[in-house]
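Beneath this line is the structure, given in structure tokens, with notes to follow.
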Protein chains: 2
Amino acid sequence: MVTSRDVAKLAGVSQPTVSRALTDHPRVSESTKKRVRDAALALGYSTNAIGRALSVGRSDRIGLVVTDLENQFYANMIAPLHRELEQHGHELVLITESPASAPLPERVAAHGLAGVILSTTTVDSVQPSRLRDRGIPFVYLNRTAPSARADSVTVDPEPGVRELLSEAVALGHTRIGAIFGPRNTSTGEQREQVVRAVLDEHGLALAQRDVLHGPFDFGTGYEGLRTLHERGGGPTLLLCGNDVVAVGALNAAAELGVPVPAGISIAGFDDLPTSRWALVRLSTVAYDLDAVAREAARLVVARVAKPDTELAHVVYPTHYVSRATVGGPRA
Amino acid sequence: MVTSRDVAKLAGVSQPTVSRALTDHPRVSESTKKRVRDAALALGYSTNAIGRALSVGRSDRIGLVVTDLENQFYANMIAPLHRELEQHGHELVLITESPASAPLPERVAAHGLAGVILSTTTVDSVQPSRLRDRGIPFVYLNRTAPSARADSVTVDPEPGVRELLSEAVALGHTRIGAIFGPRNTSTGEQREQVVRAVLDEHGLALAQRDVLHGPFDFGTGYEGLRTLHERGGGPTLLLCGNDVVAVGALNAAAELGVPVPAGISIAGFDDLPTSRWALVRLSTVAYDLDAVAREAARLVVARVAKPDTELAHVVYPTHYVSRATVGGPRA
DNA sequence: ATCGGTTGTGCATACGCATACAGTCGCGGT
DNA sequence: ACCGCGACTGTATGCGTATGCACAACCGAT
């Protein structure tokens, strides 16, 4: 392995000078900088991230903590996050919150992460307060936790939900059901509250029996629609906690031979790329998923660089995208 | 930050003893081990990965190098890879081969990765020989490069393709087209060769005008089907380089109002989870994607632990899964 | 010519951990 | 009683980089 000392020898300078030259320290003359750079290039040297991390006390690695990597929602977050972090010279480390393994704060500290992006659904599992105790910057992505003071980037469901329900009401839907996300989730609860509030404005309410809850995954939507179908005479419009759930419902409907939207209308939330497929054409409450992810990346990076600046709470708007899965209620 | 020295002080031993106790060194008495463990627990200590990595000369981090994180194929690899690596005490770092940034070997070395899983489509971009020069273990996932001696886990297209084409011929298809993967790809080339060979056994051949090539992405399938459709009178069965391409074609067909399989049959390769959706029901050449990914993870881990053991080339079989997108040829 | 100030570089050291080596202690055998 | 050996544990050091500090060289001003 070629070290900065090797470069130093070749360039005829000391090791610290190599370090300074390569980090563009102002107190190094241009001529030495050039000599050092040439030597580094000749030897194929690139500074050892581990040594650097140990020396400066932190790495350039950002952890992304998610509940479930299989989930399409998280899968779609990874690419934009990675791109943005890479541009800032950081790398992305994936972490899942498996209850089996060590508590997250310990794992994060042990891995020497510079910062963490929390995008888990369940609120308490990561013990954010203990993260703060350890001085590890973290940012909430698509969820918040008021008690834990940290940057966050979230989405405001209201405009999108308002548009969606206006259209639904105009189409004549009165019996509306929902498959919401898990109850202990800020995202899930917020979406549920907004839906109920906006429905209330229209003089409508969700019947108890038309409301289901479950994790934000395919199975929740799939099983949910089957449950409602078995009961018979269910809602004419089914609001889903997110697109993954909605697609699960859509697939169950297809299997059961229930036409969408003629038999039942289905709406989602998130506007994932798959929802735009001609095979899916999911009507959904949309927002700029890539921008949200990139913003989270920017926030951690900024927080890592300057831990004591004012907290940022970025909120993205939503809008309704009407495609093919919401139509008039069945006769 | 709590260090091993803090633990040492609390436990009344020296720092090296802490290190040895926590790594379960045989020459440390059970009583001191217990005292050290208790002290560590009391202080919430976990060994600093950076310090450890610098000391032992390598980290426990495995890099996954992919062409395109957006691609569903890679997205589906990540979860099983992560799980398997985590079980072995390694973590997963994502790396994309962006031509813009530094050459991969330098980046890998700089990040201090213990090993690398190469799952890029293009063969030469990563310069595997230079990886070997630097002594960084790497493993090929879903591709090979005969010149570079390294472990690999691949898939044998033949049994699946054979089943697929038997069924297609039995159904009466004679005019068969294909959208293959990129030409400079081991996976793409292999699949193409096998298809041509098996077709040849049936006395069939691909007409030049019915064969397209392109990257393994949605757009390739989408544009490909549109191109064939515009020309008119195309093949009755379209073989796609992988499921992502096939789904692209499927969506184009849906937009164009071409019924599948009545208007055209479409087959894929990989059997991604989305291909099983009731909305998709893609007939495809399948293999155990999770097992392939996990095997790759196991191979790097083993290679990192013992760099000089014999090379492993694991090949998984394929089989054909007949769902809804392949039927008899149009009249 | 002398001196304060600036510029550029080297020296020493620290980061947290692991490990080769040296040392201590206690035990059993003669 | 002495020696030797094994069982533990401490000391010293190294991994590769960054950085505070000291120092040398040089500049311009008096």
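The values are calculated or read from the model by the stated rules, or taken from the named source; none is laboratory data. Keep in mind the model is a prediction, meaning the values are calculated, not measured. A quick note on method: Cβ atoms are made from the backbone with ideal geometry, for glycine too, and the neighbour counts reach across all protein chains shown. The accessibility values were calculated without ligands, DNA or RNA, using every heavy atom of the protein model including side chains. Shrake-Rupley method; radii C 1.70, N 1.55, O 1.52, S 1.80 Å.
Can you pull the percent of Cα pairs in region B:4-47 with separation above 17 Å?
Tail fraction, whole percent: 13.
Regarding chain A, what whole-number volume in Å³ per residue does the convex hull of its Cα atoms give?
163
Starting from a label point 7 Å past Cα on the Cβ side, list the distances from A:ALA305 to the same position in the other copies, nm, shortest first.
Its label point is 4.2 nm from the equivalent points in the other copies.
How much accessible area per residue does the protein assembly as shown have, counting only protein heavy atoms and a probe of 1.4 Å, in square angstrom?
Heavy-atom SASA per residue in the protein assembly as shown reads 42 Å².
Within the accessible area of the protein assembly as shown, what % is carbon and sulfur when the probe is 1.4 Å and the other protein chains stay in place?
Roughly 52 percent of what the probe reaches on the protein assembly as shown is carbon or sulfur.
Ignoring ligands, DNA and RNA, how much accessible area is buried between chains A and B, both sides summed, with a 1.4 Å probe, to the nearest 100 Å²?
Accessible area lost upon association: around 3900 Å².
To the nearest 20 debye, what is the magnitude of the charge dipole of chain A about its Cα centre, counting +1 on the Cβ of each Lys and Arg and -1 on the Cβ of each Asp and Glu?
1160
For A:VAL56, which inter-copy label distances result when the label point lies 7 Å beyond Cα on the Cα-to-Cβ vector, reported in nm to one decimal and in ascending order?
2.5
So which residues in region A:240-271 end up with at least 30 square angstrom less accessible surface once the other protein chains are there, compared with the chain by itself, probe 1.4 angstrom?
Buried by the other chains: A:ASN251.
Determine the equivalent ellipsoid of region A:16-100 by diagonalising the alpha-carbon gyration tensor, then write out the semi-axes as square roots of 5 times the eigenvalues, largest first, rounded to whole Å.
Values for region A:16-100, descending: 37, 14, 10 Å.
Suppose we compare each residue of region B:78-97 in its chain alone and in the full protein complex with a 1.4 Å probe; which ones drop by at least 10 Å² of accessible area?
At a threshold of 10 Å² (probe 1.4 Å), the residues of region B:78-97 that become less exposed are B:ILE78, B:ALA79, B:HIS82, B:ARG83, B:GLU86, B:GLU91, B:LEU92, B:VAL93, B:LEU94, B:THR96.
Can you compute the charge dipole magnitude of region A:158-287 about its Cα centre, using +1 on each Lys and Arg Cβ and -1 on each Asp and Glu Cβ, nothing else charged? Give it in debye, rounded to the nearest 20.
Taking the Cα centre of region A:158-287 as origin, the dipole is about 240 debye.
Could you put A:LEU165, B:LEU311 in order of accessible surface area, largest first, with the 1.4 Å probe and the full protein assembly present?
Solvent-accessible surface, decreasing: B:LEU311, A:LEU165.
Across region A:106-203, how large is the tail of the calculated P(r) beyond 16 Å, expressed as a percent of all Cα pairs?
Looking at region A:106-203, the distances longer than 16 Å represent 62 percent of pairs.
Once phi is turned into ³J(HN,Hα) by the Karplus curve 6.51 cos²θ - 1.76 cosθ + 1.60 with θ = phi - 60°, what whole-Hz value does each residue of region A:82-98 show in order, with x for glycine and proline?
Couplings: 4, 4, 5, 5, 4, 4, 8, x, 10, 10, 10, 10, 8, 9, 10, 8, 8 Hz.
For region A:158-287, build the convex hull from the C-alpha positions and give me its volume per residue in Å³.
Given the Cα convex hull of region A:158-287, per-residue volume reads 97 Å³.
Once the principal axes of the Cα atoms of the protein assembly as shown are found, what is the range along each, listed largest first in whole angstroms?
Here the spans come out as 78, 68, 56 Å, largest first.
List the lysines whose Cα sits under 18 Å from the Cα of B:LYS33, skipping any in the same chain fewer than 8 residues away.
B:LYS9
Near B:LYS306, which aspartates and glutamates are there with a Cα under 15 Å away, not counting those fewer than 8 places off in the same chain?
B:ASP60, B:ASP151
Work out from phi, with θ = phi - 60° and the Karplus expression 6.51 cos²θ - 1.76 cosθ + 1.60, the ³J(HN,Hα) of each residue of region B:270-275, listed in order in whole Hz, and give x for Gly and Pro.
Once θ is set to phi - 60°, the couplings for region B:270-275 become 2, 6, 5, x, 4, 5 Hz.
Residues with amide H under 5 Å of B:GLY112's amide H, sequence separation 5 or more or different chain, H placed in the peptide plane at 1.01 Å from N; which?
For B:GLY112, the qualifying residues are A:ALA49.
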